[in-house]
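Step one of this worksheet: look at the structure below.
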Amino acid sequence: MLNPVLTIAIPLGLSFLSVILKKKRGWVLLAAACANVVMLFFLEKGEVVIGGFRAPFGINLILDAYALAGMAVAGTLFLAAVLVSRDKAERFSTVLLAALAGINGMLLTGDLFNLFVFMEITAISAYLLSSAGKKPEHSFNYLVLGSVGSVFYLLGLILLYSMTGTLNMAEMSRLAGSMEPAALAVPVFLIFTGIAVEAKLIPAGGWVRGVLGNSDSLTGALFASVYSGAALFVFGRIFADVLLSEGAVQIVLILLGLLTFAFGEAAAFRQTSIRRILLYSSIGQSGLAAMLFATGLIFPAVLVIISNSVSKFVMFTTAGKITEIHGTDDYRELGGLFRGNRLIGTAFTISALSLTGIPLLFGFYAKLNVLAAYFNGRNYFLPAVILILAMVEGAYFIRLLIRLWTPGKEGEEPDAGAATKGTGLFKPVGAAVVFILSMAILAAGLLPDHAGEFISSDGGLPGGDAPSINLSLTKGGQ
Amino acid sequence: MSIAVFLAILIILAAASFFVTAANKKAGGFATVAVSLFALAMVLSMKGSVGGEQSFMYLGFSITTVGWYFSVVMLTAYSMTSFFNPFWMKKMIYPAGYNFLYLVSMAGTIGMFFAGDFITLFIFWETVVWSSAFIIQQGKSRKASYVYYVLSAVGSMATLFAIMLAYSVSGTFVIRDAFTGLAGSPGTALVVFLAFILSGLSKMGIFPFHVWLPEAHGSAPHTFSPVLSGGLVKMGAFIAFLSVTAFPAYEIFGDMLKIMGIPAPIYFLMLLGALSIIIGTLMAIKQEDAKRLLAYSSVANGGYILIGILMLDQVGFAGGMMHLMNHALASAAAFLAIAAVAYRTGTTKMSEMGGMIHRMPVTYLVYLISIISMAGIPPMGGFVSKWLVFQGLADKGLLFIAAAAFFGSIGSFMYVFRPLSAVFLGQLFTRDKDVREVGFFMMFPMVVLTLLTLAAGVFPNIILRVVTEIQKSAGIEPVTLARNTIVTTNGFLDAFRVFIVFGFGFAIAFVLFIVRRKSRKVGLMDTYTSAEFIHTPELLHYSHSFYAPFERLYDKAPDTMNMYKKISAGIAELGGLVEAVFYGGKPAKTIFWIMAAGMVFFLAGGVFR
Amino acid sequence: MNAMNFVYGFLVLVAVFIFQTTLTGINRKVTARLQKRYGARWYQQFLDIFKAMRKDSTSHGWVFDFGVIMALGGIMATVIFIPVAGFEAFPGLDNVFVISYLLAVGMLGMAMSAAGSGNPWASIGVARALTNMLAYDIPLMIVIFTMIFAFDSASVGELAAMQQGMGVLGWNAVRMPLGGIVAVIALLGMLGKKPFDSFIAPAEIASGPMVEYGGKHLGFMFILHEFMTFIEVSLILNLFFGGGATIWEYMLKYAVLYTFTTIISGVMPRFKIDQAVKYFYRVPLAMAVVQGLVVIFTGLGVKIWF
Amino acid sequence: MVLDEKDNRSPWEKIGDYFSANSVWMKWYCTGCGAIEMPPTMTSRFDMERLGMGPMATPRQADVLLITGYLSTKTLRRVIYSYEQMNSPRYVVGFGSCTVNGGIYYDSYATINRLDMYLPVDLYIAGCMPRPEAIMNGFAKLIDMIKKGEARGWRHYQENYEWYKKNQLDSLGEVIIKDEFHE
């Protein structure tokens, strides 16, 4: 069994190595990404103490099912991203390796200040990556907001420290639970803002349109799935595990998540650029996950994050490639694009349909869990809103899919000649990766209970959350 | 064979047809014929195993008479329409995908009708929705597919809400148990009822969800419109059936306000059905495209089916259940006939053709008989079912709903006659002078459907016997059937004798006709034109704006589509606002909003204190 | 159902033809007298029909012939179902929906044949006729529906029998006065009498559906018209005016009712078709709905009667 | 017109002619000025319905084609077309002097003078123009002729079709037809 520290140490070390091995840095990156995924299978669960001081005095790492789920998603998609766009990733090898270390650290750490450090590492790598879009003002925007977020987070941390005298998560959770909830309003706000910047939540997600709207196949996938997935896991760790808010503050948190969800879907509805559709949809899904975390429903939120990350990976990668090859990502000009790229088209379609919650795909299981969790809590308003927004989501995705599959003018039979020319969006490896991920969505959707069990295995998630619904137990014949 | 295995085989065969089509288009089309006929035969043979319960992984199936009946209706539409597939493959942009989705959606419908629990029901329901949405886009319009999908999604989401709500109360997804558990809480029950039936309403095209039918039926590939109208729309009827039987609506709402003995929520739905009849009829009358016209007629007929099923009594319910079979047969045949014409002429616009009877007489007869059935004229099947619905309404004294039903019935004479007159009768266009009748393979399904329609009208008890079994299983008194007679409280109907007397009258007229001297044959252009010479048949054909004086009376009526356009524009506008406010690209703005959020948090902290 | 039923049916057809054609001839005379003319001979209608049957004819293809046969066949079948003073050739088949929809077979056949001639006037006429039908049928059907609900029977014969024995007061036209007015107005529409005769306007659309008929086809149309008149008048007579206890009473009432419509039509101008629809959907429809609500909710006139 | 043929009708034809005689439906070809005399003939003053006569809307339904006055060559084409649309037995009545010999238009380049060169006229009602009394009288004569089987113009037309056709074509000259709006 391996020590979880290695998942931070190895990428960090290789990151320094890659500076030296300029020629081979691509291979170093690939090796690190692969090693990271392989290590996931052999990590030892439990607490790791760093530096010999036990918590709450020292810094510790905690590897529970929740952290592992986050690492699995982030690590797998990281590897996939590197595989799909190796040529691009090579230029950013050092940055990416540092980011991998940062992400693993974020997910593993049991200390709030340590979390800040890892978040900074990740954020700085993200600023650098965002510069790949060749639009400096967007990177600048991101940088400003990121810095503001960091400052806010740090302020919140200081407040908490002064109130409780500890930075350890478990300890903080214990102490904060006994405090008057209203006193937590300010630190919760400050920490929320700090994470909201990365998690793309309203009101702090102002950078997203600029950065993701100009992303390429690598950065889009990384920002929309890896970074945002990790940020949401952190969000969940803090707001569903450490700082459990109650009453009005909780309502505000839920409301912000809900607004993000609703506004993101509404904004996506009017877009014609594929990447913008996807980025607003990502914002919406982040809002959903945040809302779930704020309500305390961890397992459904994890499912939403996983489903969204994987689907968005496939779609953002494809969208980035489309832009690179065709010079535009306005779907009105790309009629019949998938005619020449049927395999990728199928993968894209499966991902989009999964996101809208079509049965027999993973997204449906996620949606079902979300609904069941809310209904079990006797909450009927939020499920209704979620379903209405899922309808909006279905509307813009089906519009996009139809256009991308079928060429020809409205009111006439499809015209194969009018299809956007060009085949081979991806190189074989990239195509295989994208297709396999979409098949994973399908497989997980076909066997939802197994997937759910797999995700919540071994001691469950923090708070003992488990699947809200087990399809096998509710089946007909009994 | 267990349902799961059967469905698995169908899916595998669907995948096989995908590859066969990829190799040879026409062979792939024939593969769909074989597979759908196989499915029909399998389902027919399943009659004996009614009552069985099966499960496979998390899917639960229950073989019921009603599921069997719906499956037979559906598979009749699918298998008969599939005969057209081989000949249209070359016009499809994704022939392999078409065949695959055609069979997948077919399997989906079977799975849905035999579902034992709501999750299974929902899974197969959505399977049908997306597979058919991807088929529709291969037709004339992408917008149609979009509208279809969105309106289906409205229904699906509402149904999912209802299913989960029922689950949260009664703790099970099993169809009967989940709903009966609601009996204690009528408020929740009302929400569940209205939300659950919403998908049925949207699928059946009940007002205000009817807008997708003309778009989708009118623009879908010609080989899929018959399935849509004859088959998939009936899925909505299945949901409506579950809403009043599995959900014991009459019992749960027993204490509510009653209108003519009908609980208010059900009466409200009946009014929606009545409204669809009126709107469907009025809109059908003014269509210029034959397929759109038939689509609106499906809206109107959906209203009859809904009203009949919701009555849940001895007579009206039987009428509704029988009408769905009759409408499936007639509507599929009519759409096939139009498809056959489109196959030869390439258009479905009524003003662009005429006099096809002189070139395609068999197609004409098929269309004629199907519209006679659709309009509810004896001796075709549609008459018997509409008769039952009328009897049921008269028995209960539902005046306004009956008024709408009469309006739809008489109005249907107007709209069904229009394609008959414009496409088949009238002047033969110069362009179509040497059009030929379609081949045997395409004629076969049309003739079969026509004969079935006639059989349903002459021997309605064949179908009604199945309906009585359904009535028994739903716990209501079955309609009384004598040897050839249907007996109701208000009188009885002997469809066979009506047919014989009609034949008698026809024979007298025929004899009278042939004893007189043979008439002189003249051409179509040799007609009374106030002695003016006309040389262009196209100018002597009355088909455009057929009912212009009548249409004028309501041409300013609001269009339901505008409502959806407004909602859609509203969402987009909100999106624009969000974009400008939160994602404008200026960090200062974002920081302003962060501060605003901070204020909210402060306030929240204060409120709590 | 045996051979005798068919023989009776045939005899009914012959009798109805003679009776109605004579009555039509007499009514031509009535119209003439209204216009201060001497008018045609009482048997003129027979002469016209036989003359038409005697002449040569022209045909525009098989549907032109087939439609005519189908029309006459359907209409004759309907005539056989009409109960006359308690007599029915095929007992029990006098359901009001059967009659009103079987009538539609004849109309559809006629419309089909007319449109099959290829003459646009015919199509316009058919369009108007169908619109007219939609106009008059809804108020009428609402009243009939009310009646079925009130009396729990949809059989025309039974409904007629229920009104007998109380003299004029038993008639549904008296029990449901608004409904009775609606029925008579609708009868004018059904018969295509003025002011609702725009679909056969001779000077405007060259007699509409009839435009291409000559010779035996025209003869068929005339016979069909006589039968159709009989069905429509009988329906209203049986449902609203108590039918007849004896055949003579029936014939007398019939003659009065039919002549009454002729007299009204003799002094009327003609509605445009959209005006006819507007008219029917304003006055008679409102009356029918009021009548329906009164009967269904209060029972006034049916359950409560002296 | 050959009027001295022997009466060799079968009994059925005699019955048929009886019906035809007592139900005379007319198609009025009213381009001439004589049409103004028809309304009084039809309405209460003279009431032609007494004799079973009446106007019809189309030639298909009509028995008699009534030409009420002069015919220009352009309308002649239409008249012939209408006549050929009528069903046998059919009769033609020339009304007014113009149909007899051209009347006051006898020297017009645009009108024809003698109708029976082109169509088999069974009966002329002379006068410029004939009063309703004359019309009634003429029709009484026509009815009598039909009853006796003497109105055999339609047979004559069939038997001498070439002759009529030649006259018609001579008078009409060559008609160049492009479409319904240009000939």
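All of the numbers you see were taken from the coordinates with simple rules; none came from a lab. Treat the numbers as computed from the prediction; the structure is a model and nothing was measured. Counting neighbours? That spans all protein chains shown, and the Cβs are built from the backbone with ideal geometry, glycine included.
Once each part is reduced to its C-alpha centroid, what is the distance from the stretch D:155-175 to the stretch B:30-67 in angstrom? So the separation of the two Cα centres works out to 75 Å.
What's the local net charge at C:F145, with K and R +1, D and E -1, over the other residues with C-beta under 14 Å away? Walk me through the numbers on the way to the answer.
Working: positive: B:K386, B:K396; negative: B:D395, C:D137, C:D152.
The answer is -1.
For peptide C:280-289, how many partner chain Cβ atoms fall within 10 Å of a residue's Cβ, on average?
On the way: counts 0, 1, 0, 0, 0, 1, 0, 0, 2, 3.
What the average comes to for C:280-289 is 1.
Legend: calculated FRET efficiency, A:A418 to A:L17, from the Cβ-Cβ distance at R0 = 45 Å, rounded to 0.05, equals 0.30.
One Cα centroid belongs to the stretch A:359-417, the other to the stretch A:323-353; the line between them spans 18 Å. With the simple model of a label 7 Å out from the Cα in the direction of the Cβ, B:M563 to D:K148 spans 7.9 nm. Please find, in a Gaussian network model of chain C (springs between Cα atoms separated by less than 10 Å), the residue of C:G61, C:G215, C:G106 whose mean-square fluctuation is greatest. Comparing C:G61, C:G215, C:G106 in the GNM, the peak value goes to C:G61. Peptide packing for B:463-475, B:175-187 was compared via the average number of neighbouring C-beta atoms within 10 Å per residue; ordered from the highest value, the list is B:463-475, B:175-187.
Could you tell me the calculated FRET efficiency between A:T328 and B:N24, based on Cβ-Cβ distance and R0 = 35 angstrom, to the nearest 0.05? Don't skip to the answer; put the middle values down first.
Working: r = 37 Å, r/R0 = 1.06.
Rounded to the nearest 0.05, the efficiency is 0.40.
In what order do A:L17, C:L237 fall by count of nearby beta-carbon atoms within 10 Å, going from fewest to most? Mind showing how you got there, number by number?
Details: A:L17 16, C:L237 27.
Listed from fewest to most nearby Cβ atoms, that is A:L17, C:L237.
Inter-chain neighbour count for C:82-95: the average number of beta-carbon atoms from partner chains within 10 Å of each residue's beta-carbon is 2. Under the criterion of Cα pairs below 8 Å and six or more residues apart, the relative contact order for chain C equals 27 percent. Among the listed pairs C:K194/C:K278; B:K203/B:K472; B:K25/B:K90; B:K556/C:K278; B:K26/B:K91, those whose Cα-Cα separation exceeds 18 Å are B:K203/B:K472. At full extension, B:D177 and B:A596 could sit 145.9 nm farther apart than now, given 0.36 nm per residue minus the alpha carbon distance. Taking amide H as placed 1.01 Å from N in the peptide plane, the amide H of A:L2 sits under 5 Å from that of A:L43, A:E44, each at least 5 places away or on another chain. Contact order, relative form, for chain D: 22 percent (alpha carbon pairs under 8 Å, 6 or more residues apart, mean separation divided by residue count).
Note on C:L169 and B:T485: the model spin-label points, each 7 Å out from Cα along the C-beta direction, lie 3.5 nm apart.
Got the relative contact order for the stretch A:107-178 handy, in percent, Cα pairs under 8 Å and 6 or more residues apart? Provide the component values of the computation, followed by the final result.
Working: 33 pairs, mean separation 29.5, N = 72.
Answer for the stretch A:107-178 is 41 percent.
Note that chain A, at 4 °C in a medium of 1.567 mPa s, gets a Stokes-Einstein diffusion coefficient of 58 µm²/s from its Kirkwood radius over C-alpha pairs. The slack between B:K556 and B:T536, meaning 0.36 nm per residue of separation minus the straight C-alpha distance, is 3.8 nm. For the segment B:549-557, counting C-beta atoms of other chains within 10 Å of every residue's C-beta and taking the mean gives 3. The count of lysine pairs in chain D whose Cα atoms are under 17 Å apart, excluding pairs fewer than 8 places apart on the same chain, comes to 8. Using a simple spin-label model with pseudo-atoms 7 Å out from Cα toward Cβ, D:N101 and A:K45 lie 12.7 nm apart.
Determine the shape class of the protein assembly as shown: with a ≥ b ≥ c the square roots of the Cα gyration tensor eigenvalues, call it rounded for a/c under 1.5, and otherwise prolate if a/b is greater than b/c, oblate otherwise. Write out the running numbers ahead of the final one.
Working: a/c = 2.92, a/b = 2.19, b/c = 1.33.
Here the protein assembly as shown falls in the prolate category.
Return D:C30, D:C98, D:C128 ranked ascending by Cβ neighbour count within 10 Å, so the fewest neighbours appear first.
Numbers: D:C30 16, D:C98 27, D:C128 13.
With the sparsest Cβ surroundings first, the list reads D:C128, D:C30, D:C98.
Sorting the segments B:388-394, A:335-341 by their residues' average number of neighbouring beta-carbon atoms within 10 angstrom, most packed first, yields B:388-394, A:335-341. Compared with the dominant Cα axis of chain B, that is its longest principal axis, helix B:495-515 is turned about 30°.
Let's test the formula: R0 of 51 Å, r as the Cβ-Cβ distance of C:I247 and B:S49. What FRET efficiency results, to the nearest 0.05? FRET efficiency, C:I247 to B:S49: 0.30. Just tell me which lysines come within less than 26 Å, Cα to Cα, of A:K88; anything on the same chain fewer than 8 places away is out. Qualifying lysines at Cα under 26 Å: A:K22, A:K23, A:K24, A:K134, A:K135, A:K200, A:K312, A:K321, A:K421, A:K427. Fewest-first ordering of A:E198, C:E158 by other beta carbons within 10 Å of each residue's beta carbon gives C:E158, A:E198. The alpha-carbon of B:K521 sits under 16 angstrom from the alpha-carbons of these lysines, leaving out residues fewer than 8 places away in its chain: C:K55, C:K216. Annotation: peptides B:556-566, D:60-70, ranked by per-residue average of other Cβ atoms within 10 Å with the highest first, follow the order D:60-70, B:556-566.
Over the stretch C:3-298, the hull volume per residue, using the convex hull of the C-alpha atoms, is 126 Å³. When the alpha-carbon atoms of the stretch B:115-503 are used, the pair Rg, Dmax equals 20.6, 70 angstrom. Database remark: amide H of A:D330 closer than 5 angstrom to the amide H of A:I274 (H placed geometrically; neighbours at sequence offset of 5 or more, or on other chains; Pro and chain starts carry no H).
Counting only other residues whose beta carbon sits under 15 Å from that of B:G392, what net charge do I get with K and R as +1, D and E as -1? Before the final figure, lay out each step's value.
Values: positive: B:K386, B:K396; negative: B:D313, B:D395, B:E477, C:D152.
That works out to -2.
A straight chain from A:V385 to A:W27 at 0.36 nm per residue would run longer than the Cα-Cα distance by 124.2 nm. Computed from backbone phi, the HN-Hα couplings of the stretch B:41-46 come to 4, 4, 5, 4, 6, 7 Hz, rounded to whole numbers (Karplus: 6.51 cos²θ - 1.76 cosθ + 1.60, θ = phi - 60°; Gly and Pro given as x).
The spacing between the stretch C:172-189 and the stretch B:71-97, judged by their C-alpha centroids, is 52 Å.
Largest mean-square fluctuation among D:Y161, D:Y106, D:Y124, in a Gaussian network model of chain D whose springs join Cα atoms under 10 Å apart, belongs to D:Y161. Among residues other than B:V511 with Cβ under 14 Å from its Cβ, the summed charge is +1 (Lys and Arg +1, Asp and Glu -1). Helix B:233-244 and the longest principal axis of the Cα set of chain B meet at an angle near 50°.
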